[in-house]
Each structure stands twice: as C-alpha cells, then as structure tokens.
Amino acid sequence: VKRSLAFGLLSLGCTVQHLEKNAPGSIAVMEKPENMKLREVEQQTDPGERMLQLRYGAMAAGGFFIPEEQGKSQGSYGIGPEVTVLYGTRKYSHDDDAFWLMPDEAFGGGIGWMALLEPGESVGPVYGELEYASGAAWLTGGWAYEIDDELHGPHVSVGFGPLFVRYTHLLDAGGLLHFGMAFKGQASFVWNASARGSARD
Amino acid sequence: MRRPLGAELATPEAFFALLVLCVNDHLLKGSGLLPGWLTGKLSDFAGLFLFPVLLFVMLSAVFSAKRERLAFTAAALTSLGFTLVKLSPSVNGWVSGVWGPMRLDASDLAALPMTLLAGLWLVPRRESISGATLRAVAFVATALACAATSRPMTVRNYPKWQLEKSSQHVGCAKIDAWVSKSGKEGVGINLRVASSRSDRCNVEILSGVIDVGGKRVPLPRRPAPLNPGAPVFVYLPFPFDNERAWNEGRRTARLELRVKTSSGGGFFASEMQHEWDGEAHVWSPRAPEAPPAPDASVSAPPDQAFQLEPSDAGAWE
C-alpha cells in the first residue's frame, strides 16, 4: 500500500484556467491613437499576470545517507509525492503554447513524503516547506518528521527546472543528501495583473 | 574509405524529421488542427534529432576525429545550447535576436533525449539513399529548416468596448464614431466629422459623457470648434477605472455627446457594450496587416486634435 501510494500522485497533466478578473489590457487613454482614421480598437498592452498554481507529482532523488555517528556514508534514495501551492507573478502574459506555465517569481508552500526511502525500515519522513522561485530556479526550506522513529530535522532544497539537490537532516540520525528530478503536473488559475502601480491585484 | 559528406542527411530518418519540422512549423502551428502544446513540442522533438545530424555533418567536414566522438560532440553541443536557450533569459534574448523568436520554456527540455537518440543513430554508418546532388539539397534544406523558426502564433485578447450605433447626423454635420482605445484606464472615442452639405458646417462638441452602469464619466475638456469642409478626425478620451467597472460587472454604457452646429444642435448618442470573446488568446497565424496609409486629403489638422494634460484624468466618480 505504501509503495502504491508513493506513486499515486504522478503528473496528471497541466491545466490552465483563465479567470475574468482584471481582464482589460492597458492603454494610454489620454494619448491620441497613432492612426486617427483606423476604425479599430488599438491593441492593448500586456499588463502581466498573477496566478495561483497547484503543483503535484513525485520527487525522485538519490544520493547519500551520512550518519551523525562516525561511520561510512552509504547510498540512499528517496521517492515520494509532493504537493505545492504557489502564488506567482509574470511581467508578461504566458504563451498558451507552452505546456508548462512558469511564473517569473513565485512563493508558497508545500507538503511531501519520502515514501520510498533507502536506507530505512520506517514509513519515511513527511515534510512541510516554504518555497520561493525566481524563473526556473527555486529554493525551499522546511522541516521533516519521521513518524515511526520520531526523528525530525531541517529539510532544504535548491532546484533549477525539474532538477534539484535536497538535504534533509534528521537530528540524532544523520543527513540525506539527494540529487533528483521532480515529475510534477500543475493546475494554474491565471488572471491579469491590475493597472500598473496599483496594489489591487 | 571516406564517407560522402552529408550522407546522414540524405536518409529516410533525417528526411522524416525534416518533414515533421517543416510541416509543423509552417502548416500545423496556428491551423487549429492540433493543440498548441503538441505543435510546440513536435518541432522540438524533430529539431533536436535533426540539428545534431546537421552539426555532425558540419563537424565531419572540418575534423577527422572518430565517428563516435563527432556524433556525441554534436549531440552534447546541441543539448547544451538548447538548455541554455530554454532556461537562460539572457542567452534566449541573444539567440532570439539573431535566430528569430524562441520561447523561454523549461518544459521544452523534455525533448532533450532526442539529441542522445541522434548521437546513437549517427554512430553506425548510414546508407545514403541518394547521390551528391540530393545530398547537397538535403543539407541546404535541413539548414534552412533549422534556421527558419516559425513566428509566434498567439496574441493576447482583451475585452473591448464597442459602440452599437456608429453614424448619425446632427444638424449639418455627419458624425461617425468608433472606439479607438479601450483598456483599464478608460475608453477613447474617435470621431470623423464631416459636413453633410456642400458648404462648410461649423461644429462644436459642447459636452460628452459616458454613463457606465449608472456612473457618469464626463469628457474632461471640450475639443476646439471644428469647421469641416473636408472630414476631420477628433479623439475624445474618457478616463475612468474601467478595470473596476469590468470587475463589478458594469459592461453596458451609453455615450452622449451634445453637439452644436451652424444649422442647429442635437445629441449624438449610442449604447455601448464591453465585449470579450471569452478566450484569453486568439490565434493569429498571419502577421497583423499594416494600417492603411494616411490619406493626406482628409488628415486632421493638429490644432483640432484633442489633447489633454495628464492631470485632466478623471476619477471613477
């Protein structure tokens, strides 16, 4: 069951829902149109976007377990589901052709579970973390908790695109240094940014 | 024996990749036949197979290293270049400026294994299906296909105010009106004012107001009097918080202009609708057409164009 659950949240696809909020684009209303005789509405300028993203899927990583007590480090891997909610901004609206919607800047938080963890006989640590992303680069920091052995400790990761390096230190046990890849789908709710300089997004 | 140069490009596999690239870039994208995300990925997959092959042929012409080494160098260079273009805004900006628009999209890296496939495919010797002429044609066609990226196909679509009634006679003047600007900051109306008689007609727009769902937005300043023999064009800006109006669901309005002419006065009035086709994007497979060239005989005199100071921008209420 544990192993089945570990793969239960796989990438189910990427969806984008456009919301009506703040839909009009930007114009310089006080300036004359460039062509006074053109019987069309001038193209509006892009006000940028705001979005709420739910990212879900599996994190697969491998590396080393480094015990706190003097001992040799050993090979390790950790695979499990992760769900993240992010609020993101984009200076310019996204391209609908792009399969993956990436905000210019985003922050949020998530929870995850290293369900398949080697070495270890327990159910694997769960973790909660805050995330900040800038372009393709992202950084998370949080806390991990191993239920069976009641171990806990800091949990940080740095990533670029789908690739990441993660370090989890379970106090009194040791550290897990993993290099891995995220397999995540996303559901995005996107709306236009408000008028430039306005805080009403 | 030295292999004929370019033999790898004159193979069924390379021809197939070339066909996919060309058909997808220049026919399928924007046609609506396939979803946008699929046409976006097809070119990446075909291109990341074809480009290492092209690069291999070019490297083979210059270096006499082992075939395996050249094949995997071509694949590695392609992977590195593609990754930088897709992830680094500065590299993407530079390449887009030289090569044509390329999307900064990390998900395109899903196609990277195609470079490895191309490297593996290049290692064994491939039988060319053609002679020297066709190999040269294949080389040129591949180089052109790799260089000629398709242009962006989508533009953002925004709600626009529209007038229901665009042409009316007031006194001796014939007034045509249309919305020329519509956005978060308000609405701009263009007028084409002409005399409906054979002689000149003095026209003065005394006031203007747009009633947006019960909230009145006045014209901040009266335009200068007009004396059209030939048609003249006037711009009337109505600055207001149109974004708020949209968010509050105020999507109908009424435009009223009080007009005085040398043969009597009256109103130009029209209902307005704030319309959106419901989609955030529209396909634009063709480049937008250039606006028609100005017609010198009917151009607006600069002093009759409506100009306002930024401080004239009115508040919502």
- Note on the structure: With criteria (1) under 29 Å from the mean Cα position of the chain (by Cα); (2) within 14 Å of chain A (Cβ to nearest Cβ), B:T252 comes up short on (2)
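Based on this model, can you work out whether A:P47 counts as part of a loop (DSSP other than H, G, I, E, B), within 14 Å of chain B (Cβ to nearest Cβ), touching a residue at least 12 places away in the same chain (Cβ under 8 Å) and not hydrophobic (A, V, I, L, M, F, W, C)?
Against the criterion (part of a loop (DSSP other than H, G, I, E, B), within 14 Å of chain B (Cβ to nearest Cβ), touching a residue at least 12 places away in the same chain (Cβ under 8 Å) and not hydrophobic (A, V, I, L, M, F, W, C)), A:P47 qualifies.
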- Sole exception among (1) within 30 Å of A:K21 (Cβ to Cβ); (2) among the hydroxyl-bearing types (S, T, Y); (3) assigned to a strand (DSSP E or B); (4) touching a residue at least 40 places away in the same chain (Cβ under 8 Å) for A:T168, by number: (1)
- Query: Does B:S182 meet the test of being under 27 Å from B:S262 (Cβ atoms), small (G, A, S) and part of a strand (DSSP E or B)?
  - Reply: no
- Query: Which ones in the stretch B:225-276 are in a strand (DSSP E or B), more than 15 Å from B:Q168 (Cβ to Cβ) and not hydrophobic (A, V, I, L, M, F, W, C)?
  - Reply: B:Y235, B:P237, B:P239, B:T252, B:Q273, B:H274, B:E275
- Residue in the stretch B:83-103 that is surrounded by the fewest Cβ atoms within 10 Å (Cβ to Cβ), counting only those that are of a type in the set (A, V, I, L, M) and modelled with pLDDT of 75 or more: B:L84
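Tell me which strands (runs of 3 or more DSSP E) are completely within the stretch A:95-147 and hold 1 or more residues being within 12 Å of chain B (Cβ to nearest Cβ) and surrounded by fewer than 21 Cβ atoms within 10 Å (Cβ to Cβ), or say none if there are none. Let's see the steps before the verdict.
Details: elements: A:105-113, A:116-118, A:126-134, A:137-146.
Answer list for the stretch A:95-147: A:126-134, A:137-146.
Residue check: is B:A46 hydrophobic (A, V, I, L, M, F, W, C), surrounded by 15 or more Cβ atoms within 10 Å (Cβ to Cβ) and either away from chain A (no Cβ under 12 Å) or out of contact with any Ser or Thr (no Cβ under 7 Å at 6 or more places or on another chain) (or both)? Working first, answer last.
Details: hydrophobic (A, V, I, L, M, F, W, C): yes; surrounded by 15 or more Cβ atoms within 10 Å (Cβ to Cβ): yes; either away from chain A (no Cβ under 12 Å) or out of contact with any Ser or Thr (no Cβ under 7 Å at 6 or more places or on another chain) (or both): yes.
It is true that B:A46 is hydrophobic (A, V, I, L, M, F, W, C), surrounded by 15 or more Cβ atoms within 10 Å (Cβ to Cβ) and either away from chain A (no Cβ under 12 Å) or out of contact with any Ser or Thr (no Cβ under 7 Å at 6 or more places or on another chain) (or both).
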- Item | Of residues in the stretch B:203-231 being surrounded by 16 or more Cβ atoms within 10 Å (Cβ to Cβ) and modelled with pLDDT under 90, the one farthest from the chain's Cα centre (by Cα) | B:N227
- Item | Residue check, A:S93 over 21 Å from A:G141 (Cβ atoms) and in contact with a Phe, Trp or Tyr (Cβ under 6 Å, 6 or more places away or on another chain) | no
- Being over 28 Å from A:E20 (Cα atoms) and under 30 Å from the mean Cα position of the chain (by Cα) narrows B:R192, B:R244 down to just B:R192
- Output for the stretch B:193-224, where each listed residue is outside any strand (DSSP E or B) and of a type in the set (D, E): B:D199
- Give me the pairs, please: first residue somewhere in the stretch A:121-137 and of a type outside the set (V, I, T), second residue anywhere and assigned to a loop (DSSP other than H, G, I, E, B), beta-carbon distance under 6 Å, and either six or more positions apart or on two chains. A:S122/A:D148; A:S122/A:D149; A:G124/A:M114; A:G124/A:A115; A:P125/A:M114; A:A136/A:G161
- Message: Which pairs turn up if I take residues in the stretch B:140-162 that are within 14 Å of another protein chain (Cβ to nearest Cβ) and look for partners that are at pLDDT below 60 and assigned to a strand (DSSP E or B) with beta carbon separation below 6 Å, at least 6 apart in sequence or on another chain?
- Response: B:T154/B:H281; B:N157/B:H281; B:N157/B:V282
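Out of the residues in the stretch A:148-165 that are within 14 Å of chain B (Cβ to nearest Cβ) and part of a loop (DSSP other than H, G, I, E, B), state the one that is nearest to B:L84 (Cα to Cα). Reasoning before the result, please.
Initial filter on the stretch A:148-165 (within 14 Å of chain B (Cβ to nearest Cβ)): A:159-164.
Next, from what is left, pick out any that are part of a loop (DSSP other than H, G, I, E, B): A:161-162.
Values: A:G161: 12, A:P162: 14 Å.
Step by step, filter the stretch A:148-165, then rank; the result is A:G161.
Only one of B:L70, B:L112, B:L120 is over 22 Å from the mean Cα position of the chain (by Cα), at pLDDT 85 or above and within 14 Å of chain A (Cβ to nearest Cβ); which?
On the way: B:L70 fails: within 14 Å of chain A (Cβ to nearest Cβ); B:L120 fails: within 14 Å of chain A (Cβ to nearest Cβ).
Of B:L70, B:L112, B:L120, the one residue that is over 22 Å from the mean Cα position of the chain (by Cα), at pLDDT 85 or above and within 14 Å of chain A (Cβ to nearest Cβ) is B:L112.
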- Message: Among the residues of the stretch B:162-183, what is the count of those that are closer than 23 Å to B:N227 by Cα and not hydrophobic (A, V, I, L, M, F, W, C)?
- Response: 8
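Yes/no matrix, rows are residues, columns are (1) closer than 17 Å to B:K160 by Cα; (2) buried (at least 17 other Cβ atoms within 10 Å of the Cβ); (3) more than 28 Å from the chain's Cα centre (by Cα):
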site	(1), (2), (3)
A:E20	yes, no, no
A:A23	yes, yes, no
A:S26	yes, yes, yes
A:V29	yes, yes, yes
A:P33	yes, yes, yes
A:K37	no, yes, yes
A:Q44	yes, yes, yes
A:G48	no, yes, no
- Output the residues belonging to the stretch B:255-300 that are under 17 Å from A:E42 (Cβ atoms) and either over 28 Å from the mean Cα position of the chain (by Cα) or at pLDDT 55 or above (or both). B:M272, B:H274, B:E275, B:W276, B:A300
- Criterion violated by A:A187 - all others in (1) free of Cβ contacts under 8 Å to residues at least 40 places away in the same chain; (2) closer than 30 Å to B:L42 by Cα satisfied: (1)
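Here is a yes/no grid of residues against (1) touching a helix residue (DSSP H, G or I) at 6+ places or on another chain (Cβ under 9 Å); (2) closer than 14 Å to A:Q186 by Cα:
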residue	(1), (2)
A:Q70	no, no
A:Q74	no, no
A:G80	yes, no
A:V83	no, yes
A:Y87	no, yes
A:R90	no, no
A:G112	no, no
- Note on the structure: Here the residues within the stretch B:142-175 that are modelled with pLDDT under 75 and either closer than 16 Å to B:L50 by Cα or part of a loop (DSSP other than H, G, I, E, B) (or both) are B:T142, B:A143, B:L144, B:A145, B:C146, B:A147, B:A148, B:T149, B:S150, B:R151, B:P152, B:M153
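The values are calculated or read from the model by the stated rules, or taken from the named source; none is laboratory data. These numbers come from a predicted model, not from an experiment. Please note: Cβ atoms are built from the backbone with ideal geometry, for glycine as well, and neighbour counts cover all protein chains shown.
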